[in-house]
Amino acid sequence: MKKYFLLTLMIITLIACGQEKKGDTDPSNIIPVSTPGNSTETVKAVSHFPVNEDLSEVDNSLIVEMPVDKLKESVQAKLLKDGKQLDAINSDNSIYKVGYASTSVSSNKPGFITSRNIAFASAELQAKMSIIQMKNEALTSGRSFSSFENYGTGGQDPDAIKKASYLDKLKEVADKSLDRALQELGVDDSEIAKLNGTQKEQMYNNSYNSLASSYVAEMLKGVTIVKIVEGEIGNGDYQVAVCIKYSPEQQAEAHNQQALGASKEVFNSKTLEKLRTLEPEKLISKLGAQIFKDENGNRFLVGFGQTSVQKVNKNQSRRIQMGERKARLDALQNMKNFLGEDLVTKEIRSISEKDIQYVDNSQEYFSEDSYRTLINSKTSTIDIQSTPLRTWRAIHPVSKHLVVGTMVVLTKSNNLNFSTSGTSSSKKSTNSGTERSDFIESDDLDGEDF
């Protein structure tokens, strides 16, 4: 008996040795592992899935340069010369922020210039929102996660049966059917159908919810436009990017209009004369309000406004005149927003996911990822003394639409109740398709306070 036992043991040993020889005995595939008894045993490494490091087929079509990229690069390069930074509180307490938005109307469609002005205003509001968020921001957030697993046997849910029998009893004692009664109470038909239906038994339920909300309210004064870059990205996507500047000095000046009102000395300065004679093509990229400083150190505020004029077969001059008046109102509004704008902003981010599987193997999945922004500039009234500096006409280089613009300068208090405007020059308008364009960057004008 002992012989048979030894023979069996030898056979098992030979088989085990043979299988080991067939395996992977490459020394490089053996990993030494320390054991609690200070001995070392070998464990074979596991072959992992292959990793494809060839990224040649990655679609980079969405990674293209946009006007906002060019604007940030240009502003940052200029600020670094003065030891300042974008998106920071600098040593002089100045803040530079960038906002951007896209037009809803393609550059080759009527109404593009109006949509472009709206995109500019939206970008400016977004940049202002980011400034007041640096001061104080009320943030509300919450998250929840739940997971449920049930390996039931199927069949009908007893609770659902009890519920249905209870509804049946209600129907018996009611003068009217429960459905009719619920309808008269305003319950939706779909909800009634859910009440009458049996509830399916859940086998698996995995859900996640997240909510983040930000609220800021602030009166903001002394914010100017320092640079704009705009252009056609392609496929009807025209972007306007705006850089704004806030500083305590500008805030103090906004509290006192007289500090930025143009005097007779300013009106006779070389700086103002250059603005009067500037080529209209250089004014197309000028929107908002900006502080200038003449050669004598006098600071003054200029508002820019512009609108498009549609080409018609009759009374074209009337359309141009109306465009000039609309552009003037836009320029005044831009100056008023510098002097003071009461902003209320709110951001809401909501994420939700539900994954439910039932005993009958049916499955439901729901996912939502939503974001909402509200920026409200409260209506307010400010008395402004101003004088139209000049009106101009030019052809927008991308859309080829006729643009009419007006420059308005803030003046010191006076007893005058009339003003004169400059002369205009006109050019013919053409039209073209929408393709990626060279970005239009606002020029650095003599006297402007960057």
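The values are calculated or read from the model by the stated rules, or taken from the named source; none is laboratory data. The structure presented is a predicted model; accordingly, all values stated were derived computationally and were not measured. Positions of Cβ are generated from backbone atoms using ideal geometry, with glycine treated the same way; all protein chains shown enter the neighbour counts.
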**OP:** Could you check, for region 301-309, whether at least one of its residues is assigned by TED's automatic domain parsing to the domain that holds residue 255, under 14 Å from residue 396 (Cα atoms) and part of a loop (DSSP other than H, G, I, E, B)?
**Re:** yes
**OP:** Inspect region 388-398 for any residue being at pLDDT 90 or above, under 30 Å from residue 135 (Cα atoms) and in a strand (DSSP E or B) and give the result as yes or no.
**Re:** no
Subject >> Odd one out for residue 310, checked against (1) touching a Pro at 6+ places or on another chain (Cβ under 7 Å); (2) at pLDDT 90 or above >> reply: (2)
Subject >> Residues of region 254-271 satisfying the condition of being among the aliphatic types (A, V, I, L, M) and assigned to a helix (DSSP H, G or I) >> reply: 254, 259, 260, 266
Original post:
Do any helices (runs of 4 or more DSSP H) lying entirely in region 104-218 carry at least 2 residues that are at pLDDT 90 or above and among the hydroxyl-bearing types (Ser, Thr, Tyr), and which ones are they?
Top reply: 112-132
**OP:** Could you identify the single residue in 285, 352 that is in a loop (DSSP other than H, G, I, E, B) and over 22 Å from residue 255 (Cβ atoms)?
**Re:** 285
Subject >> Condition check for residue 360: in a loop (DSSP other than H, G, I, E, B) and outside the structural domain of residue 261 (by TED's automatic domain parsing) >> reply: yes
